[in-house]
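Only one structure is covered here, and it is reproduced in the block below.
The values are calculated or read from the model by the stated rules, or taken from the named source; none is laboratory data. Owing to the predicted nature of the structure, the values given are computational and were not obtained by experimental measurement. In this analysis, Cβ positions are derived from the backbone assuming ideal geometry, glycine residues included, and neighbour counts consider all displayed protein chains.
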Amino acid sequence: MLKLTAMIPARMGSKRVPKKNARLLCGKPLLQYAIDVAKDAGCFEEIWVNTESEDLGELAASCGVDFHRRPPELAVDTATNQDFTAEFLRRLQCDFVVMVNPTSPLLRPETVRRFCEYLASDAYDTVLSVLEEKAECFYQGTPVNFRTVEKVNSQDLAPVQKVIWAMTAWRRASFLHTADKGECSVFAGRLGLFPVPLAESLDIDTQEQWDLAEGMLLAKNKVRNQQENIAYWRPSHED
């Protein structure tokens with residue numbers, strides 16, 4: 001059986017949304033959403049918060065997970081997920097590390113479990129979470145998934161797959177082997193793409209995205225009877 005370790009990266013020094021990992025979102029620190037979903041998924045032998053911040057390390061401990069103290073040089077804007085993941089994996093043993101992004105607070109435990117089941121096939125070295133969208137898309141003015149000589153209904157289009165980084169899994173051996181050669185480990189080896197539902201795909205990098213997440217969480221947490229609250233406009237002759 002594969003050993004899966006969850007790693008939650010959390011810098012304190014974010015700039016576009018200052019100190020966002022410690023900021024309260026609907027009454028709970030943003031970082032805690034990732035901790036809670038990783039715990040509730042029940043897939044991981046270990047859960048680590050990877051941060052340079054003692055304060056965020058204290059939050060991790062209060063939530064019952066481990067604190068990996070990231071070196072200060074890997075806590076700057078220029079440090080990549082390859083840099084801090086390689087440093088993390090050189091210190092811990094596992095088959096796969098699953099990076100659970102704290103900026104994706106709408107992720108559900110069921111989705112994390114399905115992601116881990118996808119890993120259990122042992123068919124991939126890297127698995128990226130993606131959002132699949134069936135829409136006519138261009139890249140530098142060239143159609144990607146459709147032809148301009150015909151109009152196809154959107155449901156019949158091949159979806160484009162946007163990497164959203166809500167969850168990413170790397171096989172430890174493959175990741176470090178590639179990193180040690182000075183090559184890009186982030187997309188190393190056999191690559192799998194795991195679709196995440198639209199409602200869980202929001203990634204908070206800006207204040208606008210924070211506001212969207214807050215609104216979605218408030219709507220999600222509002223207690224209501226769905227059937228009774230669904231209403232439709234009706235013509236006057238039906239009254």
List the number of the failed condition for THR206; all other conditions in (1) farther than 20 Å from MET99 by Cα; (2) touching a helix residue (DSSP H, G or I) at 6+ places or on another chain (Cβ under 9 Å); (3) of a type outside the set (A, V, I, L, M, F, W, C) hold. (2)
Checking VAL144, VAL98, VAL130 in turn, the sole residue that is without any contact (Cβ under 8 Å) to a residue 40 or more places away in the chain, among the aliphatic types (A, V, I, L, M) and either touching a Lys or Arg at 6+ places or on another chain (Cβ under 7 Å) or under 21 Å from SER201 (Cβ atoms) (or both) turns out to be VAL144
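So which of THR142, THR148, THR168 is under 14 Å from the mean Cα position of the chain (by Cα), at pLDDT 95 or above and either under 26 Å from PRO9 (Cβ atoms) or not aliphatic (A, V, I, L, M) (or both)? If you could, list the steps in order and put the result at the bottom.
Numbers: THR142 fails: under 14 Å from the mean Cα position of the chain (by Cα); THR148 fails: under 14 Å from the mean Cα position of the chain (by Cα).
Every option except THR168 fails the conditions.
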Residues satisfying the stated conditions in region 43-66, i.e. farther than 23 Å from GLN93 by Cβ and touching a Pro at 6+ places or on another chain (Cβ under 7 Å): LEU59
Restricting region 24-42 to residues that are in contact (Cβ under 8 Å) with a residue 40 or more places away in the chain and more than 16 Å from the chain's Cα centre (by Cα), the residue that is nearest to LEU92 (Cα to Cα): GLY42
Restricting attention to strands (runs of 3 or more DSSP E) lying wholly within region 1-79, give those where 1 or more residues are among the basic types (Lys, Arg) and closer than 24 Å to ALA173 by Cα. 66-69
Looking at this structure, is VAL97 surrounded by 15 or more Cβ atoms within 10 Å (Cβ to Cβ), in a helix (DSSP H, G or I) and among the β-branched types (Val, Ile, Thr)? no
Tally the residues that are under 14 Å from the mean Cα position of the chain (by Cα) and surrounded by 17 or more Cβ atoms within 10 Å (Cβ to Cβ), restricting the search to region 171-194. 1
Scan region 65-86 and tell me whether some residue there is in contact with a strand residue (DSSP E or B) (Cβ under 6 Å, 6 or more places away or on another chain), of a type in the set (Lys, Arg) and modelled with pLDDT of 95 or more. yes
Give the residue, chosen from SER174, SER185, that is outside any helix (DSSP H, G or I) and either under 30 Å from SER121 (Cα atoms) or at pLDDT 95 or above (or both). SER185
When region 85-94 is examined, which residues are found to be in a helix (DSSP H, G or I) and under 22 Å from VAL37 (Cα atoms)? THR85, PHE88, LEU89
Quick count over region 40-74, residues being within 11 Å of ILE8 (Cβ to Cβ) and among the basic types (Lys, Arg), is 0
Kindly check whether there is at least one residue in region 63-76 that is under 16 Å from ASP36 (Cα atoms), within 21 Å of the chain's Cα centre (by Cα) and of a type in the set (Phe, Trp, Tyr). yes
Identify all residues within region 12-67 that are among the small types (Gly, Ala, Ser) and at positive phi; write none if there are none. GLY27, GLY42, GLY64
Might you let me know whether region 207-221 holds any residue that is buried (at least 16 other Cβ atoms within 10 Å of the Cβ) and touching a Cys at 6+ places or on another chain (Cβ under 8 Å)? yes
